[in-house]
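First up is the structure itself, then whatever we jot down about it.
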């Protein structure tokens, strides 16, 4: 067998192209994306007929979410702690953390987001199929955290992707994350009923 | 007629199933065999060194917590030792012993985590991690008793530690230390004779001794390659010279040796802990240090033996309340230089395991 | 305990081997000229009684008049250490010879200093940005950034 070398794109070009993508994303994300929080209105329109099938479907969808493991920094360890045996997340139906975004519903962004990583987050978010939700876990993903003034940190992931639930803490205790997940359950049930 | 094959570049992107963090590798593969490797880092670069120049010496301590977030108190320890060396501060005895107790428990926890995630990469999906996590949760309860936090502690201060341990701490700590040898033995027994572990890690991805020294590897990676260099013995800091312990050294430098050195070090840490708990004196826990510390003009390089290697802080002071330059010497960035040497010629699956055996922590590489 | 070597005596040995290289030598560190850095480093590594085979740390500091690059060297065999420094007065285009061929631990550390401070290391095989992305304007760790 002869192995012939063929010309591949030199790596410096790949680096330069990615740098351009990061710079353009930085320029486009000057303002935060507004939160999709219209579900907080307690009034659900009374003239919407909700069938039993819809009700069961929404209940099932909220109780068996597939989360996407997107741990970036220290908060990832509290996320793994939530999934471990003491603060078992499997009792909420979320025990398999998917690693492929194509199979996931919920993206838990745990840790500091930097501008270099931002295009990857946007790409993963766009690869997730609808319906999808995002939890921002920890101070760094809510607002930049202790590193807010730094030259390379995104001040909050809602510059890049829309966020549904914010879980504060540095890092948040596993109980806080579980409370955030129950809020997501409430959101899924209410939102789906409204859409139907 | 010859079959034409071409090498291709595989991108193991920043989001991937391994739990080590946002690390990216561009691997040139010829079939399954690795031909070339380029690590790409910087996805967690938060600018801690620049932020350190605008914060006072005490305000930097929470920033150092976020470096190696698996074993946060050792980062605090290294920084606080460097500042005390610069400013010439003496610490009370009780504070020294408490620091050693915290550092050694962190070492055991970090090594168990490293072994757990190493086995995760081998294919034992999360089961060893959950076993390790059981012991780690008991330890996190002890830390919560002391300083109220589970992951980023901010416990050490310049001149000692921030507060004394409550009364329930010592009996609970003694109970934990008494259980650890049995647990490590149980773990070792489950794994040491496992055929898959032996076949996939013995003789795989060897790091030769001279390369390890040239690369300035440190910690278990260096000791597994046969170099007996442990900063707790070679350049003894704090009160480590009062304790009696051994330094395990590997022979070959393959993945199995790195795993073995970590398990042995956990056992030696239990020995140190037993001695430290027995010798713990009464007294104050923090020296009288001014609130806004102004060290004299000078420079210092303070380093300790963190679980992952030699963690060093280079501080330059110009007699003001914030350091002029604050540089962190990360052990895992320097150990990562060895990755390319180790995996060329081996397969993709071996690459994943070797990366796991170096035990990186991206918070420290990228700072 | 690792002994910190007496820099004045080591400076005398260096001056014998390569005269004119040493700029200053006090109790803390030896400062050498930028052009002769590589010869001094080679001398320190290869001399049998000195044997500095372990480069523990490579940093750079930006004093506004000059850049200073600092090498913390350790010998594992004899258990002694030394601090070597070099200064670079040119602010727009600072160049320092690279020591990657002697100690490979300088590989990532020199790339990081290039990335964050802008000092070019002459002789490094792959000098590109390490922590920030291609297309980032400026060198953040300089004192006059932002």
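The values are calculated or read from the model by the stated rules, or taken from the named source; none is laboratory data. Note that the coordinates shown come from a computational prediction; the quantities given were computed from them, not determined experimentally. Reconstructed Cβ throughout: ideal geometry from the backbone, glycine too, with neighbour counts over all protein chains shown.
Per this entry, residue B:326 is not counted among residues that are away from every other protein chain (no Cβ under 14 Å), in contact with a helix residue (DSSP H, G or I) (Cβ under 8 Å, 6 or more places away or on another chain) and either touching a residue at least 40 places away in the same chain (Cβ under 8 Å) or in a loop (DSSP other than H, G, I, E, B) (or both). Taken over segment A:120-136, residues that are in contact (Cβ under 8 Å) with a residue 12 or more places away in the chain and out of contact with any strand residue (DSSP E or B) (no Cβ under 9 Å at 6 or more places or on another chain) amount to 4. Every condition in (1) surrounded by 10 or more Cβ atoms within 10 Å (Cβ to Cβ); (2) at pLDDT 75 or above is met by residue A:31 except one, and the failing one is (1). Tell me, yes or no, whether segment A:138-147 has at least one residue that is modelled with pLDDT of 90 or more, in a helix (DSSP H, G or I) and farther than 27 Å from residue B:144 by Cα. Looking for residues that are modelled with pLDDT of 90 or more, in a helix (DSSP H, G or I) and farther than 27 Å from residue B:144 by Cα, one finds none in segment A:138-147, hence no.
Residue-by-condition table, conditions (1) assigned to a strand (DSSP E or B); (2) under 23 Å from residue A:59 (Cα atoms); (3) at pLDDT below 90:
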position	(1), (2), (3)
A:158	no, no, yes
A:175	no, yes, no
A:180	no, yes, no
A:184	no, yes, yes
A:188	no, yes, yes
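The set of residues in segment B:17-32 that are buried (at least 17 other Cβ atoms within 10 Å of the Cβ) and at pLDDT below 85 comprises B:19, B:20, B:21.
Inspect segment B:232-245 for any residue being touching a residue at least 12 places away in the same chain (Cβ under 8 Å), at the interface with another protein chain (Cβ under 9 Å from one of its Cβ atoms) and in a loop (DSSP other than H, G, I, E, B) and give the result as yes or no. Yes, segment B:232-245 has at least one match.
Annotation note: Cβ proximity below 9 Å between a residue of segment A:54-74 that is within 14 Å of chain B (Cβ to nearest Cβ) and a residue that is exposed (fewer than 15 other Cβ atoms within 10 Å of the Cβ) and part of a helix (DSSP H, G or I) (sequence gap 6+ or interchain) occurs for A:68/A:103.
Could you tell me whether residue B:135 is closer than 19 Å to residue B:114 by Cβ and free of Cβ contacts under 8 Å to residues at least 60 places away in the same chain? Here the answer is yes, as residue B:135 does meet what is asked. If the condition is being more than 7 Å from every other protein chain (Cβ to nearest Cβ) and crowded, with 18+ Cβ neighbours inside 10 Å, then segment A:82-91 contributes A:82, A:83, A:89. Among the residues of segment A:1-23, some residue qualifies, meaning at least one is modelled with pLDDT of 85 or more, within 12 Å of chain C (Cβ to nearest Cβ), touching a helix residue (DSSP H, G or I) at 6+ places or on another chain (Cβ under 7 Å) and part of a helix (DSSP H, G or I). Is it the case that some residue within segment A:145-159 is under 13 Å from the mean Cα position of the chain (by Cα) and free of Cβ contacts under 8 Å to residues at least 12 places away in the same chain? The answer is no, given that none of the residues of segment A:145-159 is under 13 Å from the mean Cα position of the chain (by Cα) and free of Cβ contacts under 8 Å to residues at least 12 places away in the same chain. Residue pairs whose Cβ atoms lie under 8 Å apart, separated by 6 or more positions or on different chains, with the first residue in segment A:165-190 and touching a residue at least 24 places away in the same chain (Cβ under 8 Å) and the second assigned to a loop (DSSP other than H, G, I, E, B) and surrounded by fewer than 17 Cβ atoms within 10 Å (Cβ to Cβ), are A:174/A:86; A:174/A:87; A:175/A:87; A:178/A:87; A:188/A:131; A:190/A:44. Checking each residue in segment A:105-114 for being at the interface with chain B (Cβ under 10 Å from one of its Cβ atoms) and touching a helix residue (DSSP H, G or I) at 6+ places or on another chain (Cβ under 6 Å) picks out A:111, A:112, A:113. Output the number of residues of segment B:329-367 satisfying the condition of being outside any helix (DSSP H, G or I) and within 29 Å of residue B:301 (Cα to Cα). Summing the residues that are outside any helix (DSSP H, G or I) and within 29 Å of residue B:301 (Cα to Cα) in segment B:329-367 gives 7. Annotation note: of C:76, C:146, the sole residue that is surrounded by fewer than 20 Cβ atoms within 10 Å (Cβ to Cβ), within 8 Å of another protein chain (Cβ to nearest Cβ) and farther than 30 Å from residue A:25 by Cβ is C:76. In segment B:96-134, the residue that is nearest to the other protein chains (Cβ to nearest Cβ) out of those that are closer than 17 Å to residue B:274 by Cα and more than 17 Å from the chain's Cα centre (by Cα) is B:96. Among the residues of segment B:119-132, those that are touching a residue at least 12 places away in the same chain (Cβ under 8 Å) and farther than 19 Å from residue A:87 by Cα comprise B:119, B:120, B:121, B:122, B:123.
Against the test of being touching a residue at least 40 places away in the same chain (Cβ under 8 Å), crowded, with 24+ Cβ neighbours inside 10 Å and either over 25 Å from residue A:176 (Cα atoms) or away from every other protein chain (no Cβ under 13 Å) (or both), the options A:94, A:117 yield a single qualifying residue, A:117.
Results for (1) touching a strand residue (DSSP E or B) at 6+ places or on another chain (Cβ under 9 Å); (2) closer than 21 Å to residue B:330 by Cβ, shown as yes or no for each residue.
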{"position": "B:14", "(1), (2)": "yes, yes"}
{"position": "B:21", "(1), (2)": "yes, yes"}
{"position": "B:26", "(1), (2)": "yes, no"}
{"position": "B:92", "(1), (2)": "yes, no"}
{"position": "B:96", "(1), (2)": "yes, no"}
{"position": "B:108", "(1), (2)": "no, no"}
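One residue stands out among those in segment B:330-360 that are at the interface with another protein chain (Cβ under 10 Å from one of its Cβ atoms) and buried (at least 23 other Cβ atoms within 10 Å of the Cβ): the one that is nearest to residue B:311 (Cα to Cα), which is B:330.
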